[in-house]
Amino acid sequence: MKTRLHDTHFHLDLFENPAVVVERINEANVYTIAVTNLPAVFENTKRLIGSSKYIRAALGFHPEVASRHAHQIDKFLQLLPLTKYIGEIGLDNFKKTTSDYAAQKRVFETIINACHDATSKIITLHSRRAEKDVISIIGPRFPGIAILHWYSGSISELEKALSYGFYFSINHAMTQSENGKKIIAHLPKERMLLETDGPFVKWGNNPFDPCLVDNTVTALSQLTKNPEIASIVNSNFRQVLNPLQST
């Protein structure tokens, strides 16, 4: 029987026809976390998902919009009890002003403090050019699961995150770039998860969606020289979910 796969990070609301994508995911039985960029998007994504057995909406506050929408943090905190899945959250310091980055940090620190108090949250993290701060703010005693999405930082920060118990989600673009291959080579297999980050990652001319994640597994198997990688990453995913229960 084919191994049932998963996708810990993709943007359902940004697809041209989300309803069709939901139907395909349900038919393919791919366990999927649909991240969002703001609280209002979370509520809309929950409506798009409906009663799907395989898809869960994550409550997000993307760092690239955090400074412009900081006023929505109260709404985020109101919605926090409704889901165990949090993301996309984090920091982004690529070509950002000092004031923008400071505003991002205020939002992110508020979210992480709230997740500490709530416990048992599964968070998927953006960390471009801000890996050290993201890992430091979460720290070694986060009472949930932290997943670094599309990590591109240093090996020293990667090792610190591993020592703190973080997981890393891998998409197809990472398996094709030299930096991505270097990151993958330094990751223990028991800390690897899958993501697509669709529609931002493409498969040919089409956006990646969870139904295409087996292509990432094939590439990952070749890179790690491990034909059992699909079983390993899915075992990791089960560990992430258990004893945390989906809502």
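For the set Lys95/Lys182; Lys181/Lys225; Lys160/Lys182; Lys182/Lys225; Lys121/Lys189, the pairs lying more than 19 angstrom apart at their alpha carbons are Lys95/Lys182; Lys121/Lys189. Helix-only arithmetic for the chain: the sum of -39500 (n - 2.57) across DSSP H runs with n ≥ 4, divided by the residue total, places the mean residue ellipticity at 222 nm at -13000 deg cm²/dmol. Looking at the P(r) of segment 174-227, how many percent of alpha-carbon pairs lie beyond 13 Å? Of all Cα-Cα pairs in segment 174-227, 60 percent lie more than 13 Å apart. Restricted to Cα atoms, segment 77-153 shows a radius of gyration and a Dmax of 12.1, 34 angstrom. Summary value for the chain: 20 percent relative contact order, contacts being C-alpha pairs under 8 angstrom separated by 6+ residues. With 10 Å bins beginning at zero, the pair-distance distribution over Cα atoms of segment 1-55 amounts to 24, 59, 15, 2 %.
Put simply, the convex hull of the Cα atoms in the chain casts, on average, a shadow of 12.5 nm².
Every read-out reported here was derived from the displayed coordinates using simple, explicitly stated rules and does not represent laboratory data. Keep in mind that this is a model prediction, so the values were computed, not measured.
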